[in-house]
1. For the stretch 65-75, how many residues meet the condition of being open to solvent by 30 Å² or more (accessible area, probe 1.4 Å), near ligand 1 (Cβ under 9 Å from one of its atoms) and free of Cβ contacts under 8 Å to residues at least 60 places away in the same chain?
2. Hey, can you tell me all the residues within the stretch 508-527 that are in contact (Cβ under 8 Å) with a residue 12 or more places away in the chain, touching a Phe, Trp or Tyr at 6+ places or on another chain (Cβ under 9 Å) and not aliphatic (A, V, I, L, M)?
3. Checking Leu86 against (1) among the aliphatic types (A, V, I, L, M); (2) closer than 17 Å to His305 by Cα; (3) more than 12 Å from ligand 2 (Cβ to nearest atom); (4) in a loop (DSSP other than H, G, I, E, B), which test does it fail?
4. Do we find a residue being farther than 17 Å from Met179 by Cα and either part of a strand (DSSP E or B) or small (Gly, Ala, Ser) (or both) anywhere in the stretch 249-261?
5. Residues of the stretch 92-144 being within 16 Å of ligand 2 (Cβ to nearest atom) and basic (Lys, Arg), which ones?
6. Scan (1) closer than 21 Å to Ile136 by Cβ; (2) away from ligand 1 (no atom under 11 Å from the Cβ); (3) not in a strand (DSSP E or B) for the single condition Arg55 breaks and write down its number.
7. Which of the residues belonging to the stretch 150-162 are over 18 Å from Leu540 (Cβ atoms) and not aliphatic (A, V, I, L, M)?
Amino acid sequence: MSIEVLPNHVIDKIAAGEVVERPSSVVKELLENALDAGARSITVEVKGGGQRLIRMSDDGHGIRMDEVPLAFARHATSKLRQVEDLETIQTLGFRGEALASIAAVSRINMITRHIEEASGLQIRIEGGDLISKKPIGAASGTVLTVENLFYNTPARLKFLKAEETEKRLIANAVMRAAMASPHVRFTLIQDDREVFRSPGSGQLADVLVKAFGLDTFRQMIQVSAEEELREVEGAIRIQGFVSDPGLSRKDRSRITLFINGRPIQDSGLTYAVTQAYHTLLMKGRHPLAVLMIDVPPAFVDVNVHPTKAEVRFQDSNAVFVAVQKTVREGIVQHIQARPMRTGSNYVERSPQLPMPSWTSNSRSNGRPTPVRPTHTQQDFDWEMEGPGQYPQQMAPETAEAPSIIPKDETDFSHIPDVGRPAKPRTLPMLRVVGQIGASYIVAEGPAGLYLIDQHAAHERVMYEQFMEEYRKKGVVSQRTLDSQTIDLAPDDVHLLNENQAALTRLGFQIEPFGANTFLIRAVPAMLTNQDPIEAVSGILEDLADQRAPGQDTIEAKIVKQVCKRASVKAGQILSQADMQGIIRQLERCESPHTCPHGRPTLLHISGDQLAKEFGRLGAN
Ligand code: ADP
Ligand code: MG
């Protein structure tokens, strides 16, 4: 091919890809325009995840009739005249690219009336071509409708994520805009359902209650600080809310940062927030945060990214330190201010947990059929000096709940096997000796000593049991006792809707109950004794975690979360019978050596190894 300059409509389509990557980027750009126009009330209507329709209605100043076609021209803007203006830019937009880009890849219908003009104008544009333009009566402000997004760029269309994902991203874009502009009323309607509304009260707190739900917001700490800058005149001002260390998430998706009213992505500053929680959160957990960071405009370059999602600071370290310090001080003050007892929030494990229901089930359901161990007495090469010399570390309750195993028992054949006899044995029969650290079960088997992680082992048992039920299409569901309602953030609402089918298949029954509220009617029977709200929140958190996409199916994520919740925890004191119950079932698991997350369930030290360690090998 010879070299030729591309025609404008081709250039526009190629360039459009930079600014409008997906429906939520269109929403973000249109929100910015409405805010720049001084709107006090903005309504976003979306259909089909934004691909079918996005309509943005604002009561801003509108566009002058004779300037309307210009608004859709590339690099046409009313917000900037010369490069120097960028240093003091106050508006969200300035590149003059959004409307041109959106118009190039969709069908647009805009009605706008400038606040100082008597009549409005309606304009229709398809794939960048002007279709019609006519005066029309309208209230001052702008209503811009974008339909059939990417209809003429099939490649882009193909790469769009599931509709629910796009909906979630759109909800996020609207929530972020609402956080940055609490004085503006925002309404988001997706597929004719109102999913978010902010009151426009001017208070960030009011927006966060709507965005996170009241329960979550109650666990947020308000922070605020100001640091003088050395390089330029002015200060870094930080205001917002961060989570109490008792509230955390698996991912960083709830850390939202704004620079001068602009939501930005900055892994460094996100890290600064996480760092502030050092030693207060468990490894792999992340806080929630919404921080408004304001710096002098000259201190920051906002023009480093086509979607303005990243910024560059004159001194990024100063901002990092300010953020980290503000958050840390906020948490520390909060912790010191509250009564001592609530400090136990940080301890996730509680030794006083009630006993799980399975213990009684497994004993009453299972017929105690004595099963001969696969290893005979002769294989038992672990020399014992007599049972009395092995002190049994028993849980306190075991005093009342007598052990089902006689103390001087070394013949395994008497131990009742409550496992499922139909399944082949994958571990030798083990005898529980006791529990240590309220976390590990000590057991002996024909080939030596076994240390079993009670949580991991029980998780494995639960997992296989659940998968078996699932394969037989018989996940047993249990109705929740009283009405259990859960308040969700709009993006979690989408996540829930997106995965409704899988949740139902797995024994959950969750129904809409008001705008962002859901009623949990039933949960898998395994979760009968667990808090259904916590279980559903945990599942949503796992589902939102995109760090390892494709690694687990949706079902697997849900099942693992259910089993994790249903399992005995580390720190829980178990009776001898409880421990024996877990071990009996573990012995017949398909993969008894690892938990569903791949961590080991047991350590085995052979009789030989022990003898060697004690220098007894070969000795008499
Ligand atoms: P930018 O926002 O970077 O200037 P856009 O392509 O988004 O570029 O918009 C072009 C111009 O159209 C803006 O500069 C503004 O003057 C006008 N405009 C766009 N949307 C609106 C709106 N909702 N209300 C008033 N003016 C608008
Ligand atoms: Mg714009």
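1. Final tally of qualifying residues: 4.
2. Listed by number, the residues that qualify are Asn516, Arg521, Pro524.
3. (4)
4. yes
5. Correct list: Arg95 only.
6. Unmet for Arg55, out of (1) closer than 21 Å to Ile136 by Cβ; (2) away from ligand 1 (no atom under 11 Å from the Cβ); (3) not in a strand (DSSP E or B): (3).
7. Those that are over 18 Å from Leu540 (Cβ atoms) and not aliphatic (A, V, I, L, M): Phe150, Tyr151, Asn152, Thr153, Pro154, Arg156, Lys158, Phe159.
Conditions tested, residue by residue: (1) farther than 21 Å from Lys167 by Cβ; (2) surrounded by 15 or more Cβ atoms within 10 Å (Cβ to Cβ).
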residue: Tyr463; (1), (2): yes, yes
residue: Lys472; (1), (2): yes, no
residue: Phe513; (1), (2): no, yes
residue: Pro532; (1), (2): yes, yes
residue: Ala535; (1), (2): yes, yes
residue: Asp552; (1), (2): yes, yes
residue: Val559; (1), (2): yes, yes
residue: Val562; (1), (2): yes, yes
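The values are calculated or read from the model by the stated rules, or taken from the named source; none is laboratory data. No experiment lies behind these values; they were computed from the predicted model shown. Counting neighbours? That spans all protein chains shown, and the Cβs are built from the backbone with ideal geometry, glycine included. When the accessible area is computed, the model is the full protein with side chains, heavy atoms only, and any ligands, DNA or RNA have been set aside. Shrake-Rupley method; radii C 1.70, N 1.55, O 1.52, S 1.80 Å.
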